[in-house]
Amino acid sequence: MMLNNPIRPEAHKILRILPQTESEWTFRVENHMPIQHGQFMQISIPKFGEAPISISGFGESYADFTIRKVGKVTDELFNLKEGDYVFLRGCYGNGWPVGCLKDKNVVIIAGGTGVSPVKSLINALYDDQNYAEEVYLILGFKNSQSVLFADELKKWKAEKYFHTFYTLDGEDYKDWNKGMVTDLIEEIPFQQFAGNYECLVVGPPVMMKFVGKKLLKNGIPEDKIWMSFERKMSCAIGKCGHCRIDETYVCLDGPIFNYTIGKKLVD
Ligand SMILES: Cc1cc2nc3c(=O)[nH]c(=O)nc-3n(C[C@H](O)[C@H](O)[C@H](O)COP(=O)(O)OP(=O)(O)OC[C@H]3O[C@@H](n4cnc5c(N)ncnc54)[C@H](O)[C@@H]3O)c2cc1C
Ligand code: FES
């Protein structure tokens, strides 16, 4: 079903449910709207409410949403089955600056559910290895029980064009690192890039704060850092002001910001 009016929620069928962890599941929902990497949609269930959720993957006739069960709407989503319907409106948001990444070294630093909004972009870079120069992934999770997208992580690791650094905060696991994503920033050979790179960062607020600081400390200029922000939202179309910080509307101007602007959104 097409979404003709971008602010009117329309019923869409859940095609598949793919549990990732106990409290994070990927819902594959029918969708025919064009999507850009890093955009989000508003998902609602009548009588329970609405929540903005990033698109973690997409194909011609579906969009994937990887959702953590944390409250009213998301609890109810976890009671649904394949074949049931949810309401969608969108897509919203600006998406990752894909044009800026052409022929550059792309450094992606993501933590926890923050891997969701950047996953479709990582897969696009995997599928078209002539697009960027090389890809560096620093991905972190709390523990082995919270690892998302295990099959894709394995696929990316096996690809020479990808340089992968996976870490768990405080647990020994396979051949992974132990510690925070910030500890791995020194592994990226920024000096060899001769300025030809961009850094994309997404994760919990505290992670983004410390990654931003560490990148700056390592001499990365603000304008080479991009961050995706989650803020309380209501309308998602720049009308209600819920997501507004000074003159910036996260729903309209973001959720992805260059650090020159995004630094004032860092908690
Ligand atoms: C652009 C954007 C993209 C996002 N992408 C994703 C995504 O891909 N996946 C994802 O899982 N989430 C994502 N989120 C976050 C998601 O929108 C929120 O988690 C959303 O609020 C969940 O809605 P809910 O009704 O289930 O939770 P709510 O009931 O609104 O609860 C939200 C939070 O408030 C807390 N809370 C609820 N009630 C109380 C109370 N009485 N007292 C104290 N605390 C309380 C809950 O513990 C929870 O942490 C995104 C948000 C934005 C803005
Ligand atoms: S959510 Fe309403 S203005 Fe951004």
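The values are calculated or read from the model by the stated rules, or taken from the named source; none is laboratory data. Note that the structure is a prediction, hence the values are computed from the model and not measured. Quick reminder, even Gly has a Cβ in these numbers, built from the backbone with ideal geometry, and neighbours come from all protein chains shown.
One table, with the values for the structure above:
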read-out	value
Options Ser44, Ser61: the member that is surrounded by fewer than 21 Cβ atoms within 10 Å (Cβ to Cβ), of a type in the set (Ser, Thr, Tyr) and within 16 Å of ligand 2 (Cβ to nearest atom)	Ser44
Residue in the range 73-85 that is modelled with pLDDT of 95 or more, within 23 Å of Asp127 (Cα to Cα), touching a Phe, Trp or Tyr at 6+ places or on another chain (Cβ under 9 Å) and of a type in the set (A, V, I, L, M, F, W, C) present	no
Lys213 more than 29 Å from Pro9 (Cα to Cα), basic (Lys, Arg) and either free of Cβ contacts under 8 Å to residues at least 40 places away in the same chain or touching a Lys or Arg at 6+ places or on another chain (Cβ under 7 Å) (or both)	yes
Filter pass, Ser234 being hydroxyl-bearing (Ser, Thr, Tyr), within 16 Å of ligand 2 (Cβ to nearest atom) and over 19 Å from the mean Cα position of the chain (by Cα)	yes
Any chance Thr21 is near ligand 1 (Cβ under 9 Å from one of its atoms), under 30 Å from Gly170 (Cβ atoms) and either buried (at least 20 other Cβ atoms within 10 Å of the Cβ) or not basic (Lys, Arg) (or both)	no
Pairs where the first residue, in the range 229-256, is within 15 Å of Ala51 (Cα to Cα) and the second is charged (D, E, K, R), C-beta under 7 Å, 6+ apart	His242/Lys232; Cys243/Arg231; Cys243/Lys232; Val250/Arg231; Pro255/Glu230
Per-region count, the range 68-93, residues in contact with an Asp or Glu (Cβ under 7 Å, 6 or more places away or on another chain) and within 12 Å of ligand 1 (Cβ to nearest atom)	3
Close pairs (6 angstrom Cβ cut-off, 6 or more residues apart or separate chains): of a type in the set (Phe, Trp, Tyr) in the range 71-90, not in a helix (DSSP H, G or I) anywhere	Phe78/Lys69; Tyr85/Ala11; Tyr85/Lys13; Phe87/Pro9; Phe87/Ala11; Phe87/Ser44
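One line per residue, one yes/no per condition, for (1) more than 27 Å from Thr182 (Cα to Cα); (2) crowded, with 21+ Cβ neighbours inside 10 Å; (3) within 15 Å of ligand 1 (Cβ to nearest atom):
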site	(1), (2), (3)
Val211	no, yes, no
Pro221	no, no, no
Trp226	no, yes, yes
Arg244	yes, no, yes
Thr248	yes, no, yes
Phe257	no, yes, yes
Lys264	no, no, no
